[in-house]
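Accompanying notes for the structure given below.
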Amino acid sequence: MKGSQFYLLVLAVIVSMVLTACGGSETSSDESGTADSAGEEEVYVLQAGHSLPDDHPYELAFLQMAENVEERTDGRVIIETFPNSQIGAERELTEGLTFGTVDLVVSSTAPVTNFVPELGVLDLPFLFNDRDSAVAVLEGEIGDRLFSSLEAEGIVPLSWAENGFRHITNSLHPIEEPADLDGLSIRTQENDIHLAAFEELGARPSPMAWTEALTALQQGVVDGQENPAIVADQFNLYDSNQEYMTLTNHVYSVAIYMMSQETYDQLPEDLRDIVVEEGQNIGAYQRDLIIEMEQESLDTLREQGMQILEDVDVEPFREGISSVYDSFEYQELLNEILEAQ
Ligand code: PAF
């Protein structure tokens, strides 16, 4: 062997040794719930997905959970977060949980009702008197029962969180009464109750995933949308033709931190208990973050020139959607929630 060939051979052996060592200490994240057994103990890498940016409370609470889980499991469970619908929009993510292709998700409940119809009760406009009543119902016996209905679909519910109170924005004119919605095309979530409610109010709802909504607003395919102030702020909706916002508070948009049953089954019991416990803790923390950030977002929207109508009379809106209450399938559940407040 010539001298140069010998040096090349030595170099190749060294490079291959270094690569092998790196591969062994890395935790793989290309598959959901991957366990890497190169060390003495297996390391589990969990993928956590959602649709909002990395400074939204959905993400901040996931990061908190990831930190706590990593510390308590001595690095044996790593949670990698994927904000901004990187691994799917809310409906796809929920479906991923049922198939076991994604490990952890936080989603508003609206798309989850496509898998668990009872949850639709939470999407009835003006259901809750206020945030405290909502939290009391969700954290109580009714919330526990709703959580059980998720379990039947292969989803392990971790904690109740929130997206915030939904308000209407649009590019055309201020919405002061239901008549102002007449003929207005509005993007809604993929949820039959939202669709029916906006139809009853005279609007032309277009259900679509949030990933499509921004383009639809920018291109004028729809005139408006409805979402909490933090979402409108973090997605700069004032740059997507949204000039007017009416604080209708029409839906307290509940969110849920969830885990795939498949992931749950794959984790050894000691690690699984820690993940579940930390997942159960973050809901309340996330809700507090929303409350802290909400006013700041409203201020930003105003500073950016959005016209915000605050004191709108919601009674005519409530009356306008009463038939949606009448035709709701789970009347007993609905009455229980109304009576509990
Ligand atoms: O409008 C939606 O789809 C949801 O409110 C969003 C923005 C994805 C947050 O859960």
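The values are calculated or read from the model by the stated rules, or taken from the named source; none is laboratory data. Remember, predicted model here, so these are calculated numbers, not experimental data. Using ideal geometry, Cβ is built from the backbone for each residue, glycine included, and neighbour counts are taken over all protein chains shown.
Quick rundown of the values:
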{"item": "Of all residues making up the stretch 189-222, the number that are away from the ligand (no atom under 13 Å from the Cβ), part of a loop (DSSP other than H, G, I, E, B) and on the phi < 0 side of the Ramachandran plot", "result": "4"}
{"item": "Count of residues meeting criterion [assigned to a strand (DSSP E or B) and either within 16 Å of the ligand (Cβ to nearest atom) or at pLDDT below 95 (or both)] in the stretch 223-245", "result": "5"}
{"item": "Residue check, ASN129 in contact (Cβ under 8 Å) with a residue 40 or more places away in the chain and either under 13 Å from the mean Cα position of the chain (by Cα) or surrounded by fewer than 17 Cβ atoms within 10 Å (Cβ to Cβ) (or both)", "result": "yes"}
{"item": "Long-range neighbours under 7 Å by Cβ, at least six apart or interchain, first residue farther than 14 Å from GLN225 by Cβ within the stretch 189-213, second aliphatic (A, V, I, L, M) and part of a strand (DSSP E or B)", "result": "none"}
{"item": "Number of positions in the stretch 246-286 that are in a helix (DSSP H, G or I), more than 14 Å from the ligand (Cβ to nearest atom) and either in contact with a strand residue (DSSP E or B) (Cβ under 8 Å, 6 or more places away or on another chain) or aromatic (Phe, Trp, Tyr) (or both)", "result": "15"}
{"item": "Sole residue being crowded, with 18+ Cβ neighbours inside 10 Å and among the basic types (Lys, Arg), chosen from ARG302, ARG287", "result": "ARG287"}
